[in-house]
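Down below is the structure, laid out as structure tokens.
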Amino acid sequence: MTTIKNFEAALGRKVQWADRFIPNEKDPSVLKESVFVRRLRVYPHALRQSNAYYNPLKKSLLFGYFPAQPANPQLQLPGGTVFTCLSHDIIAHETTYAILDGLHRRYIEPTHPDTRAFHEAFADLVALLQHFTFPEVLKHQIAKTRGDLGAQNLLGQLAQEFGKAIGSYGSLRDAIGSTNPETGE
């Protein structure tokens, strides 16, 4: 809801989800009609895998869950279940895809070799910028880094628990730098 609220504030209007298109039974390449989608559907336990995605046909967000396999058992309990639906970064990332689909139905189609890369980067940036909407987290990280936001901190990391659970020492992606596997810094 935070991601949606922030998009609505930026757009100056309510976010609308893309219509669901029903194909014609006689000729599936021709669309019979479009159906208004009132709510985005969210399936928190849709996949038994380390993934999450926006399904443009179902107009829904599908989140997975998986057993953790951390590189360092001190970072996370090996075999413990990780739910992608509990990661703010993953939720913001996938919701961004749904919002882009609602802005224009052709935005999510791979019309150019760089289209998917652009969407991935845009969704990552939205998730990163969401970190700055939480005042307490922002204050804590500024104090921890003594104002040096170029230093490694949580504000520049995406999906930290997910990254550690799949065998990395740090987040899934990092906007600031990389993690030294020997020291964890």
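Some observations on this one:
- Residue within region 96-103 that is loosely packed, with under 12 Cβ neighbours inside 10 Å and over 27 Å from GLY156 (Cα atoms) present: no
- From the list ILE108, ILE99, the one residue that fits, being under 16 Å from PHE7 (Cβ atoms) and not in a loop (DSSP other than H, G, I, E, B), is ILE99.
- Where a residue in region 87-104 is closer than 17 Å to PHE21 by Cα and its partner, wherever it lies, is polar (S, T, N, Q), with Cβ under 7 Å and at least six apart: GLY102/GLN16
- Enumeration of residues in region 130-153 that are aliphatic (A, V, I, L, M) and in contact with a helix residue (DSSP H, G or I) (Cβ under 8 Å, 6 or more places away or on another chain): VAL137, LEU138, LEU149
- Among the residues making up region 104-134, those that are of a type in the set (D, E, K, R) and surrounded by fewer than 19 Cβ atoms within 10 Å (Cβ to Cβ) are ARG105, ARG106, GLU109, ASP114, ARG116, GLU120.
- For first residues located in region 106-130 and over 23 Å from LEU155 (Cβ atoms), partners that are at pLDDT below 85 and not in a helix (DSSP H, G or I) and lie 6+ apart or on another chain with Cβ distances below 7 Å form the pairs ARG116/PRO110.
- Within region 31-54, considering residues that are at pLDDT below 95 and in a strand (DSSP E or B), the one farthest from ARG105 (Cα to Cα): LYS32
- Selection within region 57-87 - part of a helix (DSSP H, G or I) and crowded, with 16+ Cβ neighbours inside 10 Å: THR84, CYS85
The values are calculated or read from the model by the stated rules, or taken from the named source; none is laboratory data. A quick note: this is a predicted structure, and the numbers were derived from the prediction, not measured. As a convention, Cβ positions derive from the backbone with ideal geometry for all residues, glycine included, and neighbour counts pool all protein chains shown.
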